[in-house]
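What follows is a short report on a single structure.
The values are calculated or read from the model by the stated rules, or taken from the named source; none is laboratory data. Just so we're clear, the structure is a prediction, and the values are computed from it rather than from any experiment. In this analysis, Cβ positions are derived from the backbone assuming ideal geometry, glycine residues included, and neighbour counts consider all displayed protein chains. Side chains included, ligands, DNA and RNA excluded: accessible areas come from the protein's heavy atoms. Shrake-Rupley method; radii C 1.70, N 1.55, O 1.52, S 1.80 Å.
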Amino acid sequence: MMIIDIRKLNAQKKYVGTMEFSYSAPESLIEIPLVKFATPVSVRFDYELFEDDSIEIVGKVCYKLVGQCSRCLQETDTTVEGELDAYFQPVKDCEDYSYTNGIVDLTQAVNDAIMASMPYLLVCKLPCEGLTYSDNK
């Protein structure tokens, strides 16, 4: 579980810092046919905890996709990096992400960053000419 304990950070007076972890993201985040995560998603971010207990996180998600090229169906892989930028508030019904009981669950923000960085196709190389057919008559 990807969480930040606001109460613990306040008690330790750690108002700024860096965190990192690995996340086994659900395959349902991938909309490319015949593609899956090759490794867990690497999540690294800097945080700043403000006086009102809101917290801002800015960092990156990095993951590797493996599967068949969307054009020629050859096995291939690619590494993807995306931006993670989220602001959490201890109140509900706000425009930003919210949290309760001093525990910030990062899952939705990380999933959103993965979805925003997800390519539309997995391509083996550029330019991939796709499937080629030969006529042996």
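For a Förster distance of 35 Å, can you work out the FRET efficiency between the beta-carbons of Phe50 and Ser22, rounded to the nearest 0.05?
That pair, Phe50 with Ser22, gives E of 0.80.
For the chain, give the percent of accessible area contributed by carbon and sulfur heavy atoms, probe 1.4 Å, rounded to a whole number.
Details: 4300 of 8850 Å².
Of the solvent-accessible surface of the chain, carbon and sulfur hold 49 percent.
Specify the longest stretch of the chain that does not include any exposed loop site, a site being one of the chymotrypsin sites (Phe, Trp or Tyr not before Pro) with a non-H, G, I, E, B DSSP assignment and at most 14 other Cβ atoms within 10 Å. It runs 51-119.
Dimensions of the stretch 1-68 from C-alpha coordinates, computed as largest minus smallest value along each principal axis and given longest first, are 48, 16, 15 Å. Exactly which trypsin sites (Lys or Arg not before Pro) in the stretch 8-45 are in a DSSP loop and have at most 10 other Cβ atoms within 10 Å? In loop regions of the stretch 8-45 (DSSP not H, G, I, E or B), the sparsely surrounded trypsin sites (Lys or Arg not before Pro) are Lys13.
Ranked by the mean number of other Cβ atoms within 10 Å of their residues, highest first, the peptides 70-77, 52-59 fall in the order 52-59, 70-77. Build a GNM of the chain with springs between Cα atoms under 10 Å apart, and of Pro127, Pro90, Pro40 the one that fluctuates most is Pro127. Computing FRET efficiency as 1/(1 + (r/R0)^6) for Asp105 and Leu126, where r is the C-beta to C-beta distance and R0 is 30 Å, gives about 0.20. Identify which of the listed values of Cα Rg over 2.2 N^0.38 Å was calculated from the structure shown: (1) 1.37; (2) 1.05; (3) 0.96. After the calculation, the listed value that fits is (1). Here's the picture: a label point sits 7 Å out from the Cα of Ala116 along the beta-carbon direction, and within the stretch 78-110 the residues with their amide nitrogen under 11 Å of it are 82-87, 109-110.
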